[in-house]
Structure formats: structure tokens, C-alpha cells
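To start, the structure under review is shown below, and the notes come after it.
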Amino acid sequence: MKRLAIVRSLVLILTFTLVLAACGANSNSNSNSNKNGNKEAAATNNAGTASEAPTDKPKPPVELLNVSYDPTRELYENYNKAFAKYWKDTTGQEVTIKQSHAGSGAQARAVIDGLKADVVTLALGYDIDALVEPGLINADWQTKFEHNSAPYTSTIVFLVRKGNPKGINDWSDLVKDGVEVITPNPKTSGGARWNYLAAWGYALKQNNNDEAKAQEFVKELYKHVPVLDSGARGATTTFVEKGIGDVLLAWENEAYLSVKELGPDKFDIVYPSLSILAEPPVAVVDKVADDRGTREVAEGYLKYLYSDEGQEIAAQNYYRPINETIAAKYKDQFKDLELITIDDFGGWKTAQEKHFNDGGIFDKIYTPGS
Amino acid sequence: MAGAVTAHLSQEASKRPKHITESAGVKWLLISIALVFLGLAVVMPLVSVFIEAFKKGFDVYRAAITDPDALSALRLTLFVALIAVPLNAVFGIAAAWAISKFRFKGKNLLITLIDLPFAVSPVISGMIYILLFGAQGFFGPWLDKHDIQIVFALPGIVLATVFVTVPFVARELIPLMQAQGVQEEEAAASLGAKGWQIFWRITLPNIKWGLLYGIILSNARAMGEFGAVSVVSGHIRGETNTLPLHIEILYNEYQFSASFAVASLLVMLAVLTLIVKALFEWKTNQRSSHEILD
């Protein structure tokens, strides 16, 4: 009976499909009961079936999307819990914060292309400036919060293999024979741009502000880079997991995190004689927050980063707090060193155009595979 | 039997007379080359996924796969495959039927278009949807005005997945249906069968193996796609991360065991698909051998 065979086979396919569907539906209800019912509403909204805007009623549960860069994963995981509790205690409103992480430049691009971020917490001001022109953020965003909207700072340090076998103590040691340096691509990574500028700043100082000599030094430095990853976290994985290279130029917080996660018996942190003060800024995405009616909670979210608890969490995740009292408490963790700032380069716009845009100095000094 | 046109060897076919077959040495050489190669290139890496997944014990494994974000990624992956695969099955049958049973202008163009997703990089497959439906894209302003979210949400992920999996079913069926020609359908029609009747009783039985392989391939790709989905996903945790994206996130967060645990989940989904396929083959085989005996 040929026909029966076909019918049975079809039934089998159908059953398989249904089983898959059932799995999906099951886990759906499971995880929704873990969190709150609000997620369900959000999910239907996202599916594009419901076209009405999220409601404006007072104090319904609310959802925020924080679009951030690579190394803040652990920081915001902890901070989001603390903020949700604080917000519930003070306003009675439930808030769920969703996170998205990738390279800083790539994230800015995604927000421009329509990723509905209520707040952005990126690696450098230039990436937030990029959101001004498409009308997503007001031009005066940097004045909205204290300290140029940078609630925590960081700097660039060296992570070396245990015992520092190659004797790397300062920038000049990076260009010694046989030293391999790991740093991501400044075209795509925010952290990599800080790395590059810190090296540039060091070379300028050593050579009495001779730009040609600085360029020479940085060119030599990138000759020691065997692979350019696209993001800071990728570069860290290359160094710590794949075991490539002798020194990783890293965010201070990335370096501490690697040591903590993978064991203090494997790596040492080296502070160079001079580094750069990195100020990763935060901003409310005005257009999205106004459209979704989340401005109040979005502003509260970023503001709370400046509170004592927010600053503590930043410090615990190896970001330098700007609050002096809390900074003093963690002063053993964050070594004092000479720090140049982005203003020494005339601000991000100038630095970006001179060094990192197409045809800039980085393009001239770096030839892949050389 | 009609089913013999497919690549599926029946028991009878493998029992050939001695004088027309290869020597035992050649036979065993070929078998061992195939086994060693598969062992090194396929089995070993897959086993290492499981070893790595259980390295820190069963508790870590369980925690990783019951994490709400992992469950949400699993749910999303299955849901996307559930939309993309049937859609491609229907489209694949329709396209293969049109191409192999009818003559029309632009046939070659249609074949080339079906192949296109194979030819372009998955990253580009994602980018085209950003260019079309992104906020700065072609339909961006209109979508924004009507508050419809396509990219960085479920519809975008489904679209990107459908795009990269389009060729699988059609590509399996076209050569098969071309080889079979239209004689059987013509015979059925001349005996008075109607359109659907011909499809269910003649065409579908003839193509069922090709169709099944097509569906399995497209399902595997739909669940495993990384590049295209990564571009349109927006990486929102617990919402727009599929299993492959979630694996990368865990790996980058120093949770190596957890990332391999979730990877093993993806492997198990693939194995499940293959088991369903094997069951299906076995059932049908059993039945057709009965028919031969009858």
C-alpha cells in the first residue's frame, strides 16, 4: 500500500514539527513564569504583530535596553540587579533591563540602524556623538550627567604572562626584538583606539613632542602585533585562551578580570610609566526614550551609576570610580600613574580624523602581514 | 518500484554477483578511509564538545542549559527554524516543480536566483536586511512611523534565516525531478487523475527522499546560522540571541564550560534531527520490503 506509506511519512514529519513547536511553547511558559508577565507583552510587540506603542500608564512594569560595549558585561550584570531593586524600592515600579554587548563602534552603528536602545553606555564619546546626526540624541548629551557623562573611568595597562618572562615594564619594551603584542583593531574597537593613543602619547613625551618620531614608534609597535582582533574581548581571548603573544594591551578592568577569572598564577599586570585616562560615557537615547515613554526610568538608571552603590559596583568590577571617597577605599586596586587625556589630542573628533579615519595615520603605518 | 529512482540503495542492489564487483581489499580500503576520515574530522571534535561541556561537572552543565538566557536562545532558535523550514519546503517544491515540469522564459534566471544565497556571504545576507529595514534603510522611515520593528527583532532573524536556507530544498529537488521527467504524471493525467491527486499519489512519493534531505539540510542551517543572524540580531540577551550567538557570548565571558554545554545542546538538536530521519527511512524501508514480498 504505497499511499498509506506516504500518509504515514507525512504524519511523521508533522509530528516532528509539532514536537518542536511544543518544546518551544513549553520553555516559553517556563521562563516567563520566572520573570514577570511584562516580557510576554514585549515579545508580541517585537514580533511586529501588534503595532500600538508601549503603554504610558503610571507605573506598569517597564523594560529598558542598555546597549553597551564589550568589557562591561560583568559590570552591568551586577549593576542591573542593584538598580532594579533600588527602583522598585523608591518608585514601586518593576524594571527589567536587557543588555546588548559588542564592539563599541559596531554598537553605535546598530543603534543608528534601528536597535531600540533606551540608553547607550559606550567606550568613547565619539561613538555617542555618532548618534547625534541621525537625530537620536541631542547634541548636548555630554552635559546631562556629571563629569562629562562619564560615571567611571579606566586606563590602559599591560597584561603579561606570569613572572613577566620578556621583562616588559614600559611602552619602549614593546618594540624589543621577539616581543609579540596583542591589541585589537583601532578601526572597530574603542579600547584599541585608547591603546593606540596611549602609545602615541608616550612616544611624544619621550621625543619632546616630535610627531614624526611618535609615528615611527607606533609604526614599529604595530609591526609586533601578530593579529588584530575586532574587539577588546576578542583580543583578550586571543591572549589568555589561545596563548598567542607576550603582552596584551588591555583595559585595566579587562586585565583584572582575566587575572580573576583565569587565575593569578597565570598572568601579571604591569603599569607603564604613562597611560591614558579613558572616560567611557553614558547617555539616554532621547528619541527612543521619548517614543517608548521610558525617559524617567532611563535617566534614573544612568543617574544611579553616580550613587554610592553604583560607584561601589563599578569599583568591584575594576572600573575606577569618580567618587573620591569610594576611590580612596579602593586605592590599592587602582595604582596612581601619570595619565594623559583625550583633550591632549584635541578631543575625539580631531583624534579620530587624524588617526583612525580612512587615509589617517593608522592606515599609513599599518600594512597587514608585514 | 518508483522509489528506486532515488539514491537510496535497497538490499537487493548491494548483493551483486562477484564478477561485477570490486575485490574485498578495495572494499575494506574504501570503508576504512571513510571511517578514519569521519572519525578524525567529525566524531572527535564532536566528542570533545561534550568532554569540555562536562569538564566542570554536571551541575555547571545543568546550570548552563537551564539559564533563562539559554532557554530563551533555544526557544528562539527552534521558533525560527519552525517558520523558516516549512516555508522553504513549500517554496522549494513549488520552485522545483515549476522548473522541472514546465517550460517558460526566465527559467535559468530563476535557477540562478535560487542559488544566490549560496553564493553571497552570510554577513551580506544580514546586511541587505539592515539596508532595507534598518532605521536609515529603504523602508526605515515608514516602519518607524508605524512602529514596526523588523531588524534587531524576531522578523529580521526569521528573514535572514529564510534567506540563507532558501536553496536547500529546491536544490535537492530540481535534479531529481528533472531526471524523473513528466511521463508518470502524464500517464496519471491520461487515466483521469486531477492536479492534487497527481501531486499526492505520483509526484510526492517520487521526491520524498530528496525532500527529506532538503528539509534536514535546511533545518540544520537554520538552527546553526551565525553570520547573517548576528548582523540582524542586535544581541539583546534573553530576546534576540539564538543558540549560536549565545554560545559565542558565553565563550567570550570566560564561561568556557557553559559555552560548550550550550554547544552540546545544539549538537543534540542536530543528532535528534538525524534520528528522526533514520527512523523515517527505517519505517519506509520496512514497509517497502513488505510490499515486495506481497
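The values are calculated or read from the model by the stated rules, or taken from the named source; none is laboratory data. None of these values were measured; they are calculated from a predicted model. Note: ideal-geometry Cβ built from the backbone for every residue, glycine included; neighbour counts use all protein chains shown. Side chains are part of the model used for accessible areas, which takes the heavy atoms of the whole protein and leaves out ligands, DNA and RNA. Shrake-Rupley method; radii C 1.70, N 1.55, O 1.52, S 1.80 Å.
Quick look at the numbers
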| read-out | value |
| --- | --- |
| Selected residue [modelled with pLDDT of 90 or more and open to solvent by 30 Å² or more (accessible area, probe 1.4 Å)] from A:Lys98, A:Lys116 | A:Lys116 |
| Test: residue in the stretch A:127-137 that is away from every other protein chain (no Cβ under 14 Å) and closer than 13 Å to A:Val282 by Cβ | yes |
| Selection status of B:Phe91, surrounded by fewer than 21 Cβ atoms within 10 Å (Cβ to Cβ), modelled with pLDDT of 90 or more, within 17 Å of the chain's Cα centre (by Cα) and within 27 Å of B:Gly227 (Cβ to Cβ) | yes |
| Sole residue being modelled with pLDDT of 90 or more, buried (at least 19 other Cβ atoms within 10 Å of the Cβ) and not acidic (Asp, Glu), chosen from A:Leu75, A:Leu124 | A:Leu75 |
| Checking B:Ala63 against (1) surrounded by fewer than 13 Cβ atoms within 10 Å (Cβ to Cβ); (2) out of contact with any Ser or Thr (no Cβ under 9 Å at 6 or more places or on another chain), the condition it does not meet | (1) |
| Residue that is farthest from B:Ser233 (Cα to Cα), among those in the stretch B:262-276 that are within 12 Å of another protein chain (Cβ to nearest Cβ) and surrounded by 18 or more Cβ atoms within 10 Å (Cβ to Cβ) | B:Val276 |
| Complete set of residues in the stretch B:97-120 that are part of a helix (DSSP H, G or I) and among the charged types (D, E, K, R) | B:Lys101, B:Lys107, B:Asp115 |
| Top-ranked residue of the stretch A:90-116 - restricted to ones that are small (Gly, Ala, Ser) and within 14 Å of the chain's Cα centre (by Cα), ranked as farthest from B:Gly238 (Cα to Cα) | A:Gly105 |
| Condition check for B:Phe199: within 25 Å of B:Val85 (Cβ to Cβ), more than 8 Å from every other protein chain (Cβ to nearest Cβ) and not basic (Lys, Arg) | yes |
| Filtered residue count, the stretch B:153-162, keeping only those that are open to solvent by 10 Å² or more (accessible area, probe 1.4 Å) and either touching a Cys at 6+ places or on another chain (Cβ under 6 Å) or within 14 Å of another protein chain (Cβ to nearest Cβ) (or both) | 4 |
| Every residue from the stretch B:235-261 that is within 7 Å of chain A (Cβ to nearest Cβ) and touching a His at 6+ places or on another chain (Cβ under 7 Å) | B:His235 |
| Qualifying residue in the stretch B:205-218 (condition: at the interface with chain A (Cβ under 10 Å from one of its Cβ atoms), closer than 28 Å to B:Ile128 by Cα and either open to solvent by 40 Å² or more (accessible area, probe 1.4 Å) or not aromatic (Phe, Trp, Tyr) (or both)) | yes |
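Table: residues versus (1) open to solvent by less than 30 Å² (accessible area, probe 1.4 Å); (2) more than 13 Å from chain A (Cβ to nearest Cβ); (3) modelled with pLDDT of 90 or more; (4) over 19 Å from the mean Cα position of the chain (by Cα).
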{"site": "B:Ala73", "(1), (2), (3), (4)": "yes, no, yes, no"}
{"site": "B:Thr77", "(1), (2), (3), (4)": "yes, no, yes, no"}
{"site": "B:Val85", "(1), (2), (3), (4)": "yes, no, yes, no"}
{"site": "B:Gly106", "(1), (2), (3), (4)": "no, yes, no, yes"}
{"site": "B:Phe118", "(1), (2), (3), (4)": "no, yes, no, no"}
{"site": "B:Ala135", "(1), (2), (3), (4)": "no, no, no, yes"}
{"site": "B:Phe138", "(1), (2), (3), (4)": "no, no, no, yes"}
{"site": "B:Ile148", "(1), (2), (3), (4)": "no, no, no, yes"}
{"site": "B:Val164", "(1), (2), (3), (4)": "yes, yes, yes, no"}
